1. Taking θ = phi - 60°, what integer Hz values does the Karplus form 6.51 cos²θ - 1.76 cosθ + 1.60 yield along the stretch 51-68, in sequence order, with x for Gly and Pro?
2. Quick check: at a probe of 1.4 Å, how many percent of the accessible area of the stretch 69-131 sits on carbon and sulfur atoms?
3. Which listed residue (VAL147, VAL86, ASN43) has the Cα farthest towards the positive end of the charge dipole for the stretch 30-154, taking +1 on Lys and Arg C-beta and -1 on Asp and Glu C-beta about the Cα centre?
4. All other residues with a Cβ under 9 Å from the Cβ of ARG35 taken together, and with Lys, Arg as +1 and Asp, Glu as -1, what is their net charge?
5. Write out the GluC sites (Glu not before Pro) in the stretch 1-95 meeting two conditions: DSSP loop, and at most 12 other Cβ atoms within 10 Å of their Cβ.
6. Note down the net charge around GLY87, summing +1 for each Lys or Arg and -1 for each Asp or Glu among other residues with Cβ under 14 Å from its Cβ.
7. How charged is the neighbourhood of TRP62? Take every other residue with its Cβ under 10 Å from the Cβ of TRP62, and add Lys/Arg as +1 and Asp/Glu as -1.
8. Once phi is turned into θ = phi - 60°, what whole-Hz ³J(HN,Hα) does the Karplus curve with 6.51, -1.76 and 1.60 give for every residue of the stretch 3-20, x standing for Gly and Pro?
Amino acid sequence: MAPTGEYSRDRIVNLGSNAWSISPYLALTWRFADRWEISSRTNFTWTSRSLAPPYATGLHDWQAGQQLAINLSTSYEIAANWRLGVGGYVLQQLTDSKTNGQRVVEARQGVGALGPGVSWSSGSTTLIINAYKEFGAVNRPEGYQGVLRFLTVF
């Protein structure tokens, strides 16, 4: 992601982050049996250093640590266009974040989650709904997450 969106050092909350993010991912689906599938998505994120964090932070620069996220799900076709399954994810920060050029030690975050999901597909349109219960959170909140994805081809 490019550092777009409105950004001002005078505001503590901004739409933009004033930093570049590169986030390649690999998505795979394997239909291993009639009506069954396993899907995965592995995502790595690197964020550049920002030389202009909000003034209120008192920082001269900051850089988020690199992170890896892995999503895995399996589902069964219960009827035409409908799938029911279970999925989960693991997020792990791999490197320390930095502020003012110094590592922020013992602040790496991580979490796992597991929960049910349902999807509906028709032609070039898919709707996916997932609910997750997080566990094992480190240096971040832990709770319930919901995901609603609408995909269509134009």
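The values are calculated or read from the model by the stated rules, or taken from the named source; none is laboratory data. None of these values were measured; they are calculated from a predicted model. Neighbour counts run over all protein chains shown; Cβ positions are idealised from the backbone, glycine included. Areas reflect the complete protein model, heavy atoms only, side chains present, ligands, DNA and RNA absent. Shrake-Rupley method; radii C 1.70, N 1.55, O 1.52, S 1.80 Å.
1. 8, 9, x, x, 4, 4, 6, x, 9, 8, 7, 8, 8, 5, x, 6, 9, 10
2. The value for the stretch 69-131 is 62 percent carbon and sulfur by accessible area.
3. Result: ASN43.
4. Residues close to ARG35 contribute a combined charge of -1.
5. GLU6
6. So the surrounding residues net to +2.
7. Within the 10 Å Cβ shell, the charges total +1.
8. Those phi angles translate into x, 9, x, 6, 9, 8, 5, 6, 10, 6, 10, 9, 6, x, 10, 6, 8, 8 Hz.
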